[in-house]
Structure formats: structure tokens, C-alpha cells
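Participant: Dropping a structure here in C-alpha cells format, bear with me for questions.
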């Protein structure tokens, strides 16, 4: 059986209620930080959620995965509310899958993170002889569906309409495992922490060198640092002398934390330089911005001595692996 | 009666080197009493940088040399993030707490008009955030 998947990165420019109402100020403020970066493409413990999803699909027997930037949600399809631009891209992707002879099509959105086993959903779909199976968590739809592509063959291009008509007849797959909706920055932080604590199946890309201390290839940590697990330090990242990294913090690849800085309960995005003798607490930091999770506010950092972008460090480009010498790491428990 | 004088300074939305230098100049001209108490209100600040912070440190030095104290007044979330990041919040907390209950008569308050910096006339000293 040939299985294909269409993975949509973002919803079309309308909300789930199917109206053109703009986001209210609160929602806009919450999305301010992460709206500036394409979330699914961000590294999260060493690998983007997009790559993780694609890997999972591959492991479940999916031969081709088409990634599109924008497309309709299933709720929008059910209500026949899809903006023409988003719909056209999605239509093209479906048409291509059908043309290529895909028999079963997985439609999903890179929004929420789940530990969902696609093989299990596909098995359920087959057992029920369903035309459309939609995945639900206890708090609602996960925007993941499996469609019998044969039902779309005679759609003659009207895929949205055909699929919309199938939704009322759907089979429901109820999933009660780990779900993180990733709706606000706090959710991303919670996901990194949950993963480091083993509360979900997401695993850091690297090796566990101490109790809950994960290191990516070529990570360098000065012997004077205090590292208290659970902590993730990504590939090619360098932690300078006298730094303290604690509280379930995750520092992604190719970052540099300079002398004497403390990183606590924070997520530092890839290729970020954090200057010397600073305190980063309960925050998400990119190379230009910092979002404080308690204060729910974001600041732009204009001083490159404080925070800026790094470039990939030379030693990772040279392919050095697992750069830390064990006895150089001080792990406080 | 033992009363205290206070200078309440409301910083602008963007507080950089230029604004800090202006603050320093104004402070020097307006510190007429010994042991001045300066309350810096960050409630409007949305953006700061290191030059602004350096300037603020210079002001603290000036005030300290006159046996006075600088304290934080109201503080916006953005300013508070910046001060925590740079550990300046710890420095501010070292200064003795301004005793609002000691009273502050209108005559003894310095009601400067540092227009660009938004210095405010203060009827009562405001609670100081640690």
C-alpha cells in the first residue's frame, strides 16, 4: 500500500471559527515572539519538529511527504471556509499525491506536538475500512487525518469540497497520550522540559553524559562550569568559564555562552551568543530577542555585547564528534 | 521634623546613551540637598541598552557621592527583563530603602521638569519596587 503525507506548516489567515476576525491584542502579544520565527523549523533539543515529524512518518511507512507552507485546517474544510491561496497550494499537493498513485493519504499540520504512533492510526483506519479517520485528543481535534485517496480520485480537482463532505462521516481515533498544543512560548519551554525529564517520547539529539545531562556532538564546556541536569547542550555549542546552566535549560546548537553567565529554566535558540556575566532566567532567547516567560514580555536586544547571532563554530565544521572530556564536566546533582 | 526630599524621574520609552547623559546633567543641576533620594521610574521604558545602563551607573555614582540613594520606582516588564539580564536589579537592591513613611513635604520635594526624561512632580513618594 502506498502511503503519502501532506504536512502543512501553518494555518491559512483565518481563525478556527471561520471568520476573518483579527487576533485580539492579547493573542497578538503572545504570538509576538514566535511569530517572527518559523516554529516547526526551529531546533528543539537538537532537531526541528518538522524533521522529527518527517522521520516519524518515514518510520511509519510513508513514502512521500509533501510539506506546504500554508493550508486549510480540517475544521475549515468541514465548514467550506478556505482562503483561495491556501486552498490552491493544498489542492496541488493533493492532486500530485493522487496522480502518483498514493492509496492512503495522511493530512497533518505541524502545530501540536504529540507522541502519536502513526502506524497505530493507519492500522485503525484499515480495520474500520474508513474513508476518513480523524485523530482526536481529549481536548479536541489534533488536525491529523488519514484519507482513503481513492475517494479523491474522482474529485476532478475539487478536493477541498470532496474532503469536506467526508468529514461528517469520519471515524474518530481517540488518542490519550502526550499532547502539547504549542500555542504559546510557554508551551515550547514546557515541551523541552518534559522531553528532558522523560515525560514524552521526544528525545534530545545527542548523548546523555551524566544524570539528565545531554550533549550534542562537539559541545564544549569549560571545567569550571556548573551543569545541573536535566540540561541539554546542543552540537557545537560552547559554554565559557564560570557559567551555570541549570533548571531544565536547553541550549541549542552552535551557541556560545560567555564567561560567568547563568542560564536557568530557559531555552536558548540555535546560533545565539549570550554575553558575559548575564542572567537568563525563565526565558526563551533568540539571537535578537528575549521573551520572559513569567513577565510574558519580549525585548529586542540591540547590544551585540549582550546577545547576538553566532556562526557555526569551526570545530563542528571539521566534524569533531562528542567533544567533551568527561572529567572536565562538573555535574551538580 | 525629619523629612526627606525626593527626585522622581520618569524615564522615556527608549532609554539609551543620549537619554542617560541628559539625565546625568539634569541630576547634577538639581541635586541641591545633601543625601538626595532619587526614585527612577521605569514604567514607560520599553527599550534600553548598555549605553543607557552605563549612564544610569554614572548617575548612581553621582548620587552616592552625595550620600544619597537611587531606587527603582515602577518598572515595566521590559525594563525589568533588561535589568535582570544585566544583573542591575541586584545593584539597585543594595541601596538603602527610601522611607516613604518619613514623609515628604511638597516644599522639600524637587519638582524638576526634565521634560525629555519625563520627570514628574511627586505629591507623595511612590512605593519602591525592590
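Values in this text are rule-based calculations from the coordinates and carry no lab data. Computed from a predicted structure; not experimentally measured. Don't worry about glycine lacking a Cβ; one is built from the backbone with ideal geometry, like all the others, and counts go over all protein chains shown.
Participant: Would you kindly calculate the mean projected area, averaged across all directions, of the convex hull enclosing the Cα atoms of segment A:204-328, in square nanometres? Could the numbers behind the result be given before it?
Facilitator: Values: hull surface 26.8 nm².
One quarter of the hull surface, i.e. the mean projection, equals 6.7 nm².
Participant: From the square roots a ≥ b ≥ c of the eigenvalues of the alpha-carbon gyration tensor of segment A:129-196, which class results: rounded (a/c under 1.5), prolate (a/b over b/c), or oblate?
Facilitator: Values: a/c = 3.33, a/b = 2.37, b/c = 1.40.
Prolate.
Participant: Still on this structure, please answer the following. Give me A:199, A:289 ranked fewest to most by other Cβ atoms within 10 Å of their Cβ, as a rough exposure proxy.
Facilitator: Lowest count first: A:199, A:289.
Participant: Based on other C-beta atoms within 10 Å, arrange A:98, A:263 from fewest to most.
Facilitator: On the way: A:98 20, A:263 28.
Going from sparsest to densest Cβ surroundings: A:98, A:263.
Participant: I would also like to ask the following. How well do other chains shield peptide A:48-58, expressed as the mean number of their Cβ atoms within 10 Å of each residue Cβ?
Facilitator: Values: counts 0, 0, 0, 0, 0, 0, 0, 0, 0, 0, 0.
Shielding by partners across A:48-58 averages 0.
Participant: Continuing with this model, one more query. Sort A:102-112, B:58-68 by the packing proxy (mean of other Cβ within 10 Å over each peptide's residues), most packed first.
Facilitator: A:102-112, B:58-68
Participant: Within a 10 angstrom radius of the beta carbon, how do B:10, B:28 rank from fewest other beta carbons to most?
Facilitator: B:28, B:10
Participant: What is the Cα centroid distance between segment A:47-72 and segment A:256-306, reported in whole angstrom?
Facilitator: Their Cα centres are 30 Å away from one another.
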